[in-house]
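K.L.:
Have a look at this one before I ask anything.
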Amino acid sequence: MIEEPISHKLQSQNWGFLFFMICFFISIYAINKAPKLLSGMTRGIFRSNNRESIFAEQVNNELIIKVLLCLQTFILLIVFLFVFFTDSPVWSQQIRDKAIPFLIGAAALVLVFFIVKVLLYNLIGNIFFPKETLREWNDIFISMIGLSGFVLFIPTLFMFYMPDAYYTVCTIYIIYVFFVAILLIHKVYILFFPHKSLLFYFILYLCAQEIIPVYFLLRGFGYLFNII
């Protein structure tokens, strides 16, 4: 008997099963341990006035649960990118063979992107805006990232195990990203620039805080394509 190496597809399915199990247990843990926290995070995103969230009841291990939820979203995003590049009929076989090094770099880029965003939010917020407003925004931003894991879990699962759902799930991701972007821009305007006279500063803020970081993120992905 000649021992044959395990196929790349089978290896990826094993890793995918592990990642989905981690995300599943994170979701179950959050639902069982902090249902009030999850409902409060959801209300905070869609509430027009978030002043109430400042005095919301604290939940045990709230920080740990939020970090786990953000980790879940991060894992699902990496799995999505992996399937996007390995199962797509658009990309060449050369790019598919280098999917793993690309994903390592992409994961690092996305992680740095979110860290920089949080740092910039707090730096600019502490200088120009009240602390209560900054806290509200941080709660909304973290809640949006954390709850995205619940929204994207099933679509990512289908995309990983059902190749026929590739284009449908990609469409869902695009629509969801636009929805999140519009919602966050609306929240920025409501919290930081509630007066029409501040519209010019709102546009400057979007350019400096939202558009420029995204531009550098896309440039980073382009750089990865060139070196891999």
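The values are calculated or read from the model by the stated rules, or taken from the named source; none is laboratory data. The model shown is predicted, which means the values in this text are computed figures rather than measured ones. Cβ placement follows ideal geometry from the backbone for every residue including glycine, while neighbour counts extend to all protein chains displayed. For the accessible areas, the whole protein counts, side chains as well, though only heavy atoms, and no ligand, DNA or RNA atoms are used. Shrake-Rupley method; radii C 1.70, N 1.55, O 1.52, S 1.80 Å.
K.L.:
With only alpha-carbon atoms in the gyration tensor, what are the semi-axes of the equivalent ellipsoid for region 140-228, in Å, largest first?
P.N.:
Over the Cα atoms of region 140-228, the semi-axes work out to 30, 19, 10 Å.
K.L.:
Now, a different point. Once the whole set of protein chains is in place, how much accessible area is left on Met162, using a 1.4 Å probe, in Å² to the nearest 10?
P.N.:
Rounded to the nearest 10, the figure is 100 Å².
K.L.:
Between Phe179 and Asp164, what is the label-point separation in nm under the 7 Å Cα-to-beta-carbon projection?
P.N.:
About 2.4 nm, to one decimal.
K.L.:
Solvent-accessible area per residue for region 114-228 at a 1.4 Å probe radius, Å²?
P.N.:
Details: 6870 Å² over 115 residues.
Accessible surface, normalised per residue, equals 60 Å².
K.L.:
If region 106-170 were replaced by its equivalent ellipsoid, with semi-axes equal to the square roots of 5 times the Cα gyration tensor eigenvalues, what would those be, largest first, whole Å?
P.N.:
Details: eigenvalues 222, 38, 11 Å².
After scaling each eigenvalue by five and taking roots: 33, 14, 7 Å.
K.L.:
Per-residue accessible area for Val83 at 1.4 Å probe radius, Å² rounded to 10?
P.N.:
Counting only protein heavy atoms, Val83 exposes about 0 Å² to solvent.
K.L.:
In addition: Determine the gain in length on full extension of the stretch Phe46-Tyr223; use 0.36 nm per residue of separation and subtract their C-alpha separation, reporting nm with one decimal. Intermediate values should be presented prior to the final figure.
P.N.:
Working: separation 177, 0.36 × 177 = 63.72 nm, distance 3.67 nm.
That pair, Phe46 and Tyr223, stretches by 60.1 nm at full extension.
K.L.:
If the chain between Ile115 and Tyr201 were fully stretched, how many nm would it gain, using 0.36 nm times the residue separation less the Cα-Cα distance? Provide the component values of the computation, followed by the final result.
P.N.:
Values: separation 86, 0.36 × 86 = 30.96 nm, distance 2.39 nm.
Contour length minus Cα-Cα distance gives 28.6 nm.
K.L.:
Rank Phe200, Phe113 by accessible area, highest first, at a 1.4 Å probe radius? Before the final figure, lay out each step's value.
P.N.:
Working: Phe200 130, Phe113 35 Å².
Of Phe200, Phe113, the descending order of accessible area is Phe200, Phe113.
K.L.:
Right, next: What does the accessible area of Phe84 come to, in Å² to the nearest 10, when a probe of 1.4 Å is used?
P.N.:
It works out to around 60 Å².
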